[in-house]
Every structure is written in structure tokens, then in C-alpha cells.
1. Inspect all residues belonging to segment A:79-86 and state whether any of them is closer than 21 Å to B:GLN104 by Cβ, touching a residue at least 60 places away in the same chain (Cβ under 8 Å) and buried (at least 21 other Cβ atoms within 10 Å of the Cβ).
2. What is the one condition in (1) basic (Lys, Arg); (2) out of contact with any strand residue (DSSP E or B) (no Cβ under 6 Å at 6 or more places or on another chain); (3) crowded, with 21+ Cβ neighbours inside 10 Å that B:LYS14 does not satisfy?
3. Could you go through segment B:51-65 and let me know if any residue there is under 20 Å from A:PHE102 (Cβ atoms), within 11 Å of another protein chain (Cβ to nearest Cβ) and out of contact with any Lys or Arg (no Cβ under 9 Å at 6 or more places or on another chain).
4. Do we find a residue being among the aromatic types (Phe, Trp, Tyr), in contact (Cβ under 8 Å) with a residue 40 or more places away in the chain and touching an Asp or Glu at 6+ places or on another chain (Cβ under 9 Å) anywhere in segment B:26-35?
5. Within 9 Å of chain A (Cβ to nearest Cβ), buried (at least 16 other Cβ atoms within 10 Å of the Cβ) and touching a Pro at 6+ places or on another chain (Cβ under 7 Å) - does that describe any residue in segment B:96-107?
6. With respect to B:GLU62, determine if the residue is touching a strand residue (DSSP E or B) at 6+ places or on another chain (Cβ under 6 Å), surrounded by fewer than 19 Cβ atoms within 10 Å (Cβ to Cβ) and more than 21 Å from A:SER41 (Cα to Cα).
7. Go through segment A:6-57 and count every residue that is in a loop (DSSP other than H, G, I, E, B), surrounded by 12 or more Cβ atoms within 10 Å (Cβ to Cβ) and touching a residue at least 60 places away in the same chain (Cβ under 8 Å).
8. Go through (1) touching a residue at least 60 places away in the same chain (Cβ under 8 Å); (2) assigned to a loop (DSSP other than H, G, I, E, B) for B:ASP59 and report which single condition fails.
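What follows is calculated from the coordinates using simple rules that are stated; it is not laboratory data. Note that the coordinates shown come from a computational prediction; the quantities given were computed from them, not determined experimentally. Here Cβ is always computed from backbone atoms with ideal geometry, including for glycine, and neighbour counts include all displayed protein chains.
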Amino acid sequence: DAKTTQPTSMDCAEGRAANLPCNHSTISGNEYVYWYRQIHSQGPQYIIHGLKNNETNEMASLIITEDRKSSTLILPHATLRDTAVYYCIVRGYGQTGANNLFFGTGTRLTVIP
Amino acid sequence: DGGITQSPKYLFRKEGQNVTLSCEQNLNHDAMYWYRQDPGQGLRLIYYSQIVNDFQKGDIAEGYSVSREKKESFPLTVTSAQKNPTAFYLCASTGLGQTGSYEQYFGPGTRLTVT
């Protein structure tokens with residue numbers, strides 16, 4: 001499986017955009033990039049995923065570089081409730097095998113009032 | 001509401017005792033998973049099951065056991081052989097989400113403290 005590299009921590013001012021980077025240089029052609037977040041002492045929550053096109057939903061935007069070796073999760077207007085650990089994961093589409101999902105240590109985002 | 005439930009949220013046990021953590025899902029998902037999370041760490045896979053009556057070891061299965069007698073249920077037993085059982089335990093299942101692709105859904109977790 002392709003693994004990911006993320007910064008350990010980041011700060012963002014409330015109301016500003018939070019841009020969380022992720023490197024996945026060994027990603028293969030059929031692997032998607034998924035983002036989850038985990039608020040303290042809760043289970044991780046799905047945010048967004050993409051293959052090669054940029055994606056947007058009500059929570060966030062996902063920008064994937066043309067070579068697919070890196071991506072950026074964008075929270076357009078960060079709020080205090082967005083303070084969490086954000087995990088970038090690479091997995092195969094439609095595969096339910098557990099060995100396709102690897103949670104690293106993620107990025108701890110702190111939104112500052 | 002569909003989802004994954006784990007009980008209890010907090011669990012305290014004495015060293016040397018076995019303890020079973022509950023995980024139930026009503027999402028009709030075939031695949032279920034158990035993860036362990038330690039402070040400041042990512043999730044580590046303990047066991048997973050892709051179908052009823054079948055399960056496989058994950059990366060850190062030693063000292064743990066599971067069963068999958070029903071599709072909805074995947075209990076995890078932390079045995080006395082587990083050297084460092086105090087941790088946050090997360091149960092998950094995988095299935096098609098609203099986006100039409102596979103997503104992993106997580107329960108709220110059980111925080112186990114062994115003294």
C-alpha cells in the first residue's frame with residue numbers, strides 16, 4: 001500500500017482557510033486519496049476522497065496534484081470545532097480489505113480564536 | 001439511525017482479568033475491524049473480519065481474540081496475555097457511503113484502563 005506523509009501539527013486562525021498537505025509519492029494509478037478527521041476521544045469521521053480531480057463537498061475541498069504524488073485538504077473557513085487530527089489515507093476503490101487502510105499519525109490542526 | 005455502537009464508553013479492569021468490548025452495527029456491512037489507539041498515535045489494526053464466521057489477525061493481534069458469529073456483532077476480548085491493554089479501542093465497518101464509494105465508519109470508541 002502507498003503510505004502517506006503529513007506534518008505533525010498546524011495552527012490556523014478562526015475564519016481563515018486551513019490547508020493541510022499530504023505526500024503520497026508511491027500512490028498507484030487505481031488508489032484513491034481519503035481524508036478522515038478525529039476529534040479528541042471520538043471515532044474518526046470521513047471527510048472527502050478523490051482520485052485525480054479536485055473534489056468539493058459541504059465539509060472541505062480536496063486538491064490533488066497532476067502527478068498525484070501529493071494533495072491538500074482545504075477547510076475554507078475554519079471554526080473552533082474543526083480542531084482535530086486529520087488523517088490522509090490512500091486506499092483502493094471498492095476494496096474492503098483492512099490492509100488497504102493505513103492510518104498514520106495524521107496532522108493535529110488547532111484552530112485559534 | 002444507522003451506525004456503530006460500542007459499549008461501554010469507559011471500562012476499568014484489574015490486571016490479569018479478561019475483558020470483552022462490544023461492537024454492534026446496523027449498517028448491513030460485511031467487513032468489521034478493531035483498532036487500538038495510544039495517546040498521540042495513529043490507529044493500529046488488531047483484527048478484522050470480512051464475513052461472518054471468518055476473521056484475520058491485524059498488525060497487533062497478540063493478546064486479543066475476536067468472534068464473528070453474527071453480521072452485526074464483532075466483540076473483542078482483551079486477554080490477560082496482552083501486556084499493555086490500557087488504550088482507546090475503536091471498532092469500524094466498511095461499506096458503500098452516500099458518495100457511492102467505500103467508506104470506513106467508526107464507532108465512538110471504548111477507553112479501557114487496566115490497573
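1. Looking through segment A:79-86, at least one residue is closer than 21 Å to B:GLN104 by Cβ, touching a residue at least 60 places away in the same chain (Cβ under 8 Å) and buried (at least 21 other Cβ atoms within 10 Å of the Cβ).
2. Failed condition: (3).
3. Residues of segment B:51-65 that are under 20 Å from A:PHE102 (Cβ atoms), as a first pass: B:55-62, B:64.
Now restrict to residues that are within 11 Å of another protein chain (Cβ to nearest Cβ): B:55-59.
Those left that are additionally out of contact with any Lys or Arg (no Cβ under 9 Å at 6 or more places or on another chain): B:56-57.
Yes, segment B:51-65 contains at least one residue that is under 20 Å from A:PHE102 (Cβ atoms), within 11 Å of another protein chain (Cβ to nearest Cβ) and out of contact with any Lys or Arg (no Cβ under 9 Å at 6 or more places or on another chain).
4. Residues of segment B:26-35 that are among the aromatic types (Phe, Trp, Tyr), as a first pass: B:33-35.
From the residues that got through so far, the ones that are in contact (Cβ under 8 Å) with a residue 40 or more places away in the chain too are B:33-35.
When the remaining residues are screened for being touching an Asp or Glu at 6+ places or on another chain (Cβ under 9 Å), the result is none.
So far as segment B:26-35 goes, no, none of its residues is among the aromatic types (Phe, Trp, Tyr), in contact (Cβ under 8 Å) with a residue 40 or more places away in the chain and touching an Asp or Glu at 6+ places or on another chain (Cβ under 9 Å).
5. Yes, there is a match, as at least one residue in segment B:96-107 is within 9 Å of chain A (Cβ to nearest Cβ), buried (at least 16 other Cβ atoms within 10 Å of the Cβ) and touching a Pro at 6+ places or on another chain (Cβ under 7 Å).
6. Working: touching a strand residue (DSSP E or B) at 6+ places or on another chain (Cβ under 6 Å): no; surrounded by fewer than 19 Cβ atoms within 10 Å (Cβ to Cβ): yes; more than 21 Å from A:SER41 (Cα to Cα): yes.
Against the criterion (touching a strand residue (DSSP E or B) at 6+ places or on another chain (Cβ under 6 Å), surrounded by fewer than 19 Cβ atoms within 10 Å (Cβ to Cβ) and more than 21 Å from A:SER41 (Cα to Cα)), B:GLU62 does not qualify.
7. 7
8. (1)
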